[in-house]
1. Could you check residue 121 against (1) touching a Leu at 6+ places or on another chain (Cβ under 9 Å); (2) surrounded by fewer than 19 Cβ atoms within 10 Å (Cβ to Cβ); (3) not in a loop (DSSP other than H, G, I, E, B) and say which number it fails?
2. Report, by residue number, each residue of region 321-353 that is among the polar types (S, T, N, Q) and over 30 Å from residue 174 (Cα atoms).
3. Of everything in region 188-200, what is more than 20 Å from residue 350 (Cβ to Cβ) and surrounded by 19 or more Cβ atoms within 10 Å (Cβ to Cβ)? Give them in sequence order.
4. For region 74-88, check the following and say yes or no: at least one residue is free of Cβ contacts under 8 Å to residues at least 24 places away in the same chain and surrounded by fewer than 16 Cβ atoms within 10 Å (Cβ to Cβ).
5. What do you reckon, is residue 254 within 29 Å of the chain's Cα centre (by Cα) and either at pLDDT 95 or above or among the charged types (D, E, K, R) (or both)?
6. Going through region 301-327 one residue at a time, which ones are closer than 27 Å to residue 258 by Cα and part of a helix (DSSP H, G or I)?
7. Give region 138-156 a look and list any residue that's of a type in the set (Lys, Arg) and under 20 Å from the mean Cα position of the chain (by Cα), or say none.
8. When you look at residue 25, is it hydroxyl-bearing (Ser, Thr, Tyr), surrounded by fewer than 19 Cβ atoms within 10 Å (Cβ to Cβ), at pLDDT 95 or above and over 30 Å from residue 126 (Cα atoms), yes or no?
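The values are calculated or read from the model by the stated rules, or taken from the named source; none is laboratory data. These numbers come from a predicted model, not from an experiment. Counting neighbours? That spans all protein chains shown, and the Cβs are built from the backbone with ideal geometry, glycine included.
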Amino acid sequence: MSAVSVHARVEARGLDAALDVAPGTVVALVGPNGAGKSSVLQLVGGQLQPDGGTVSVDGAVVSGPRVHVPVHRRNIAVLEQRPLLFEHLTIAENAAFGLRARGVRAAEALARAQRELDAVGCGELAGARAWEVSGGQAQRIAIARALATDPRLVLLDEPLAALDVSVAPAIRSLLRRRIRGEGRTALLVTHDAVDALTLADELAVMEAGRVLAAGPVADLLARPRTPFVADLVGVNLLAGTATGPDAIRLATGDRVVGVPADALGGGAAIASFAPASVAVHTAEPSGSPRNHLRVTVTGIEPRGSLVRLTGELSDGSRVSADLTLAASVDEGLVPGREVWLVVKAAQVALYPR
């Protein structure tokens, strides 16, 4: 049985979506603006009613042409870009808001809220007001409020988009631990490939109101099926296993050293680096401490004043590098040629998967 099943149409929005989410799975919805991602969240959350088809949660129909379970009876939590904390309430009262709205007595609600605030690292802020906390703290508090009700489903609508780049990695790590790490079912709307890889198990690619492709995140990002997904990736993403605090081992056996954005542990991890940071060599560099990846050139694509070289590792993983047209001609870079792609460790970000 699917935890979430959306097979519904909304004619005014050109939406005709088919999506099934297994229990304990986080699915990232990606696609261009107007693709229907937020409409799917609104269907599931109860803010939008389908013209045809149904929406089911845990096997029970919650929306259909003649069925509409009220939002407050769905036990679904929503986390958006903005924390939307109530300024007239303390932080503890904010975190307890959903519980109080469901009739939980004040003492119990505040106790549960305090536990959630402690879990997100904001326990000491319980007596503060919304204007006294930072943006990162406010989003942590919003996470505590969302999870305090122990929802059966969490809807995440670009929860990191409004955060400063210095704050986003810590909140991403917290979401990974509290959502994916605890086996919760969730739908995530994002325009960030790193968010999709670190927070989601599966990817659903939407365009013009339909789900065009769905499957494991790494598979769909490694071999983009639409121009949007290709642009979404934008950076090189390589999956592997952490072998230390600052390194991962790829399936090819290659070791990639980088700068960890969060503690890697010893499990699955990814390396992320921009094509502009990659140098191309026609012979293997000797004596260099940088990361070396041997690839077979599969494509050369003009990109303004530059060209983008794409190569494949022995396991089929793709890596891109940007270089000048003159350099590509001088080096005789053509499909089928073997080259070495080199990138400094300082240019590689490592994330737990």
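1. Tallying (1) touching a Leu at 6+ places or on another chain (Cβ under 9 Å); (2) surrounded by fewer than 19 Cβ atoms within 10 Å (Cβ to Cβ); (3) not in a loop (DSSP other than H, G, I, E, B), residue 121 fails exactly one: (3).
2. Within region 321-353, 324, 328 meet the criteria.
3. Scanning region 188-200 gives 188, 189.
4. yes
5. yes
6. 327, the sole residue that qualifies.
7. Matches in region 138-156: 140, 152.
8. Numbers: hydroxyl-bearing (Ser, Thr, Tyr): yes; surrounded by fewer than 19 Cβ atoms within 10 Å (Cβ to Cβ): no; at pLDDT 95 or above: yes; over 30 Å from residue 126 (Cα atoms): yes.
Criteria not met by residue 25.
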